[in-house]
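**Student:** Got a structure for you, questions after.
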Amino acid sequence: MFERSSGVVLHISSLPSPYGIGTMGKDAYDFVDFLRDGGQTYWQVLPLGQTGFGDSPYQCFSAAAGNPYFIDLDMLADMGLLTEQDLKDADVGENPDRVDYEKVAETRFTVLRRAFDRADMKLLGKMAAFRWDNRDWVEDYAMFMSLKKYFDHKALWDWDDEAIRQRDPEAMRKYAFELKPEIDFYVFMQYLFFTQWEKLHAYANQQGIQIIGDIPIYVSPDSCDVWAHPEMFQVDRELKPHGVAGVPPDYYSATGQLWGNPTYNWKVIEADGYKWWIWRVRRNLALFDVTRIDHFRGFQAYWEIPEGEDTAINGKWKKGPRMKLFKAIKAALGDVPIIAEDLGDIDDDVRKFLKKTGYPGMRVMIFGMRADENNDHIPFNWPKNCVGYTSTHDSETVVEQFNDKCSDADRDVMKEYLRVSDKEPLGWSAIRTAFASPCTIAMTTMQDLLSLGADARMNIPSTLGGNWSWRVRREAINKDVSGFLRKATYGGKRLNPRTR
């Protein structure tokens, strides 16, 4: 399904922009051009959903909705929906290196509401068509977000009206009427988001760039998905999780990772023919060219922790849906271009399961920076059917791992293996090695491409505060860097299909 190729990981939020966070505007199009000039095939992004607690794209209010922060304001000004004063009001004090989510939250919705107020009948007609085409999710999402605002942004299980928590039909009609202006506003923002995304995606494809998207295996406990489909999740009558997801002690944390997402009621989902998961994959097929599924091992067996635990230590492994889910997906959708994130606590059962699916797994170079020739993550051991990364959004960068984490003995071995020299940045040596490896798809992060260290890390698992905020400077996306990418791609014989 995949040809030998390469690409770069950079989330939308990390792009440059005048308004404090990356958007789907000019800088996104410029980044596509940068990838094209660098001979790349893929642009990989993180989940595009509207973030909630901790600003994590893996904790979104909806499995389907897009993040309104990514709507480009300059494009709205070109449409006559925003004025110069509106754009000034959206200025959060440009920090080219970090997203200040609190400041963005204070201004963005106010400005987008002004755009909504200026929408003419023609635009509202297009919104109505979008609303109808997406009625399977957008109504629940828009009402959920409107209710959250109505209930002072409390978590779903703390809403003051039990009737609407339980989706009592009379309560649903009541709030749909009372909150109609707010519900319409949220639908409008989704119309803008997906209109801009479809144009950006089409442009990327025209330039020979495919987009790799990301499906978090779990949904946020405080989400419209739990509210609309509580029977599919391990939640009590108040809709509060009683079985939560995470992983046991691992490379990242001695006490494991306690994510807090509700685990699935797989018996109910199986009885329904896995319809919700098929719907979810189908939506991602429409948005992306390839989809990475996060925490893929959770489909074979997942770590469930009782609600109320302070760490993930006291969890238990429970059986996942395994091949039954993916046979159902294939029966409904055919062969789907999926990348399986198979990192973490992996055993032989997980390896056998992944092999049955046929999907490529992942390897990460920084996990192989050890004087151990049997390590699965050192590039010469990468199998052909995998996606090899120099590092990931959850890990140290190559520079941080090499300089700050490696032992002296490991560093000496890796210095020779990567052919590190003073003639080029450390990240480039790592990328050359990854691109020359056996894997079918080789990926690097923008941080490694720029040889950045710990200050540029995107996320530190099991921690709150400061994550997901890194941004790339506009001047760093330049011809010298794209020129290196092209040389590394052709030197590693990862010839872009359109230039063969």
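**Student:** Given (1) closer than 20 Å to residue 364 by Cβ; (2) not in a strand (DSSP E or B), identify the lone condition not met by residue 213.
**Tutor:** Unmet for residue 213, out of (1) closer than 20 Å to residue 364 by Cβ; (2) not in a strand (DSSP E or B): (2).
**Student:** OK, next. Here are some residues: 141, 150. Which one is hydroxyl-bearing (Ser, Thr, Tyr) and open to solvent by 50 Å² or more (accessible area, probe 1.4 Å)?
**Tutor:** Result: 150 is the single residue among 141, 150 that is hydroxyl-bearing (Ser, Thr, Tyr) and open to solvent by 50 Å² or more (accessible area, probe 1.4 Å).
**Student:** Of everything in the stretch 179-198, what is of a type outside the set (A, V, I, L, M) and in contact (Cβ under 8 Å) with a residue 24 or more places away in the chain? Give them in sequence order.
**Tutor:** Hits for the stretch 179-198 are 182, 184, 185, 186, 188, 190, 191, 193, 194, 195, 196, 197.
**Student:** From the residues in the stretch 466-477 that are without any contact (Cβ under 8 Å) to a residue 40 or more places away in the chain and either under 18 Å from the mean Cα position of the chain (by Cα) or open to solvent by 50 Å² or more (accessible area, probe 1.4 Å) (or both), which one is farthest from residue 339 (Cα to Cα)?
**Tutor:** Among them, the one singled out is 475.
**Student:** Continuing with this model, one more query. In the stretch 296-337, which residue that is out of contact with any strand residue (DSSP E or B) (no Cβ under 9 Å at 6 or more places or on another chain) and of a type in the set (Lys, Arg) is nearest to residue 282 (Cα to Cα)?
**Tutor:** 330
**Student:** Let me ask something else about it. Against the definition (touching a residue at least 24 places away in the same chain (Cβ under 8 Å), more than 17 Å from the chain's Cα centre (by Cα) and under 24 Å from residue 186 (Cα atoms)), how does residue 214 come out, yes or no?
**Tutor:** No; evaluated as a whole, the condition is false for this residue.
**Student:** Identify, please: which residue in the stretch 129-148 is within 15 Å of residue 49 (Cβ to Cβ) and of a type in the set (D, E, K, R) and is, among those, nearest to the chain's Cα centre (by Cα)?
**Tutor:** The qualifying residue nearest to the chain's Cα centre (by Cα) is 140.
**Student:** In addition: Is it the case, given these coordinates, that residue 362 is buried (at least 21 other Cβ atoms within 10 Å of the Cβ), under 30 Å from residue 273 (Cβ atoms) and of a type outside the set (Asp, Glu)?
**Tutor:** Yes.
**Student:** Related question: Given the structure, is residue 373 of a type in the set (Asp, Glu), part of a helix (DSSP H, G or I) and open to solvent by 10 Å² or more (accessible area, probe 1.4 Å)?
**Tutor:** no
**Student:** Could I ask something else about it? List the residue pairs whose Cβ atoms are under 7 Å apart, where the first residue sits in the stretch 33-50 and is farther than 11 Å from residue 7 by Cβ and of a type in the set (Lys, Arg), the second is open to solvent by less than 10 Å² (accessible area, probe 1.4 Å) and at pLDDT 95 or above, and the two are 6 or more positions apart or on different chains.
**Tutor:** 36/209
**Student:** Being in a helix (DSSP H, G or I) and over 15 Å from residue 225 (Cβ atoms) is the filter; apply it to the stretch 269-290 and report the residue that is least open to solvent (accessible area, probe 1.4 Å).
**Tutor:** Result: 287.
**Student:** From the list 442, 456, exactly one residue is within 22 Å of residue 56 (Cα to Cα) and open to solvent by less than 10 Å² (accessible area, probe 1.4 Å). Which is it?
**Tutor:** 456
**Student:** Restricting attention to the stretch 410-439, which residues are among the acidic types (Asp, Glu) and buried (at least 24 other Cβ atoms within 10 Å of the Cβ)?
**Tutor:** Passing the criteria: none in range.
**Student:** Using the structure shown, decide if residue 57 is of a type outside the set (Gly, Ala, Ser) and out of contact with any Leu (no Cβ under 8 Å at 6 or more places or on another chain).
**Tutor:** no
**Student:** Considering the stretch 398-436 alone, what residues qualify as being more than 13 Å from residue 368 (Cα to Cα) and of a type in the set (Val, Ile, Thr)?
**Tutor:** 399, 420, 431
**Student:** Could you tell me how many of the residues in the stretch 421-438 are over 14 Å from residue 379 (Cβ atoms) and either in a loop (DSSP other than H, G, I, E, B) or touching a strand residue (DSSP E or B) at 6+ places or on another chain (Cβ under 7 Å) (or both)?
**Tutor:** Count: 5.
**Student:** What is the number of the single condition among (1) open to solvent by less than 70 Å² (accessible area, probe 1.4 Å); (2) of a type in the set (Lys, Arg); (3) outside any helix (DSSP H, G or I) that residue 108 does not meet?
**Tutor:** Tallying (1) open to solvent by less than 70 Å² (accessible area, probe 1.4 Å); (2) of a type in the set (Lys, Arg); (3) outside any helix (DSSP H, G or I), residue 108 fails exactly one: (3).
**Student:** I would also like to ask the following. Would you confirm, using the coordinates I've provided, whether residue 257 is of a type outside the set (A, V, I, L, M), open to solvent by less than 60 Å² (accessible area, probe 1.4 Å), over 25 Å from residue 224 (Cβ atoms) and in contact (Cβ under 8 Å) with a residue 24 or more places away in the chain?
**Tutor:** Criteria not met by residue 257.
**Student:** Please count how many residues of the stretch 39-68 are open to solvent by 10 Å² or more (accessible area, probe 1.4 Å) and within 21 Å of residue 123 (Cβ to Cβ).
**Tutor:** 0
**Student:** Something else about it: Which of the residues belonging to the stretch 213-247 are among the charged types (D, E, K, R) and closer than 26 Å to residue 198 by Cα?
**Tutor:** Listed by number, the residues that qualify are 214, 225.
**Student:** In the stretch 291-310, how many residues are closer than 29 Å to residue 211 by Cα and part of a loop (DSSP other than H, G, I, E, B)?
**Tutor:** Residues meeting the conditions: 3.
**Student:** Need the failing condition index for residue 220 against (1) among the polar types (S, T, N, Q); (2) closer than 30 Å to residue 347 by Cα; (3) assigned to a helix (DSSP H, G or I), just the number.
**Tutor:** (3)
**Student:** Which condition number in (1) modelled with pLDDT under 95; (2) farther than 26 Å from residue 183 by Cβ; (3) open to solvent by 30 Å² or more (accessible area, probe 1.4 Å) is the one that residue 85 fails?
**Tutor:** (1)
**Student:** Kindly indicate whether any position in the stretch 391-398 is in a helix (DSSP H, G or I), at pLDDT 95 or above and either under 17 Å from residue 429 (Cβ atoms) or not acidic (Asp, Glu) (or both).
**Tutor:** yes
The values are calculated or read from the model by the stated rules, or taken from the named source; none is laboratory data. Given the structure is predicted, the values throughout are model-derived calculations rather than measurements. Every residue, glycine among them, receives a Cβ derived from its backbone with ideal geometry; neighbour counts consider all protein chains shown. Note: accessible area is taken over every heavy atom of the protein model, side chains too, but ligands, DNA and RNA are not part of it. Shrake-Rupley method; radii C 1.70, N 1.55, O 1.52, S 1.80 Å.
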